[in-house]
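**Q** Quick one: the structure is below, questions incoming.
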Amino acid sequence: MSLMRSLRFCLVPRPGSCQVGPLLLQSPQPWHTFHAGPWLSSSASSKELLMKLRRRTGYSFVNCKKALETCGGDLKQAESWLHKQAQKEGWSKAARLHGRKTKEGLIGLLQEGNTTVLVEVNCETDFVSRNLKFQQLVQQVALGTLLHCQSLKDQLSTYSKGFLNSSELSELPAGREREGCLKDQLALAIGKLGENMTLKRAAWVKVPAGFYVGSYVHGAMHSPSLHNLVLGKYGALVICETSEQKANLEDLGRRLGQHVVGMAPLSVGSLDDEPGGEAETKMLSQPYLLDPSITLGQYVQPQGVSVVDFVRFECGEGKEAAEAE
């Protein structure tokens, strides 16, 4: 079934469920082989420490033992040592895989308060895009973008919209509880999953009172560890201006997002545009996706809102997605 038909017949997206499993971040190979030092005896306390580090990090027993021996049994230092070793291996693997095509991946949508972000992270295969570790990377990128947007201290009288390219996205801080930048998290994910990946792009929207951001993700999957993150292959944000708070804004915003995903307009246009010709790429004059007997403008006008802008992401679109940056 085509994308447009599936959008028409699935008015309410049915979120899938991500496979949730234990986070076992095992390196493909041990970093070192070694003999346990004298402090790592078979005592119950040593075994408990080893199990605790294993549960915290998910790394192999071999690497956890090596970390504890290197750090003299200090759990916090051992955990930091493990992450640094994994990051080194990730950067090494990223260098070897650089240049391989990354045409699969996921779109991530995250909304918090008056801020909404849309991100795209690419990988080589659809198989890896369904892996929990890859989805956690998308989550980290969405959170990093959200924090960046929230850090921009601007007085909003109207909506604001911004975009981040791959280089800008890579340099964003990884988050409140993580060291380094998003490019470091990317290297870790490449090391764990063994595929080339790219942080392709991000968009963010902030709105003041009187505006609303409708959103839709096609083929939606909800993040298992962050309830308001939604993952999929297509995503859209639609910015609307409304004079009063309406009860059906969420449903209206979702329907407008479905239209943007399915019809792929290039601009908003105006209510005065005549259907057909060049107007076919203008959102308001396009046949409404869910009722082609009317235009989108004819659907929106009685709702008491004005569509002022939109953002549309399609995973893998553009020739950049076919090449590693």
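**Q** Mean separation of Cα pairs under 8 Å and 6+ residues apart, divided by the residue count of segment 104-314: what relative contact order is that in percent? Walk me through the numbers on the way to the answer.
**A** Numbers: 442 pairs, mean separation 42.8, N = 211.
Normalised by residue count, the contact order of segment 104-314 is 20 percent.
**Q** How big is segment 247-325 by Rg and Dmax over its Cα atoms, in Å?
**A** 14.0, 46
**Q** Can you tell me the alpha carbon radius of gyration of segment 104-314 divided by the globular rule-of-thumb value 2.2 N^0.38 Å?
**A** Details: Rg = 17.8 Å, N = 211, 2.2 N^0.38 = 16.8 Å.
Computed over Cα atoms of segment 104-314, the ratio equals 1.06.
**Q** What does the accessible area per residue of segment 104-314 come to in Å², with a 1.4 Å probe and no ligands, DNA or RNA counted?
**A** In whole numbers, segment 104-314 has 41 Å² accessible per residue.
**Q** Order 298-310, 195-207, 256-268 from most to least packed using the mean count of other Cβ atoms within 10 Å. Don't skip to the end; give the middle numbers.
**A** Numbers: 298-310: 17.0, 195-207: 23.4, 256-268: 21.2.
Top of the packing list down: 195-207, 256-268, 298-310.
**Q** Counting C-alpha atoms alone, how compact is segment 177-240: give Rg to one decimal and Dmax as a whole number, in angstrom.
**A** Calculated on Cα positions, Rg and Dmax stand at 15.3, 47 Å.
**Q** Rounded to the nearest percent, how much of the accessible area of segment 95-199 (1.4 Å probe, protein heavy atoms only) is carbon and sulfur? All intermediate terms of the calculation are to be shown ahead of the outcome.
**A** Values: 2230 of 4730 Å².
C and S atoms contribute 47 percent here.
**Q** Keeping all protein chains in place and using 1.4 angstrom, which order do 296, 290 fall into by accessible surface area, from largest down?
**A** Details: 296 0, 290 40 Å².
Of 296, 290, the descending order of accessible area is 290, 296.
**Q** OK, next. Let me understand segment 174-285 better: what is its radius of gyration from the alpha carbons, and its Dmax, in angstrom?
**A** When restricted to Cα atoms, segment 174-285 yields Rg and Dmax of 18.3, 54 Å.
**Q** Can you tell me how much longer the chain between residue 126 and residue 112 gets when fully stretched, taken as 0.36 nm per residue apart minus their C-alpha distance, in nm with one decimal? Can you show the working numbers first?
**A** On the way: separation 14, 0.36 × 14 = 5.04 nm, distance 2.82 nm.
Fully extending the segment from residue 126 to residue 112 adds 2.2 nm.
The values are calculated or read from the model by the stated rules, or taken from the named source; none is laboratory data. Since the structure is predicted, the reported quantities are computational estimates derived from the model, not experimental observations. Here the Cβ is made from the backbone with ideal geometry for all residues, glycine too, and neighbour counts use every protein chain on show. What goes into the accessible areas is simple: the full protein's heavy atoms, side chains included, and nothing from ligands, DNA or RNA. Shrake-Rupley method; radii C 1.70, N 1.55, O 1.52, S 1.80 Å.
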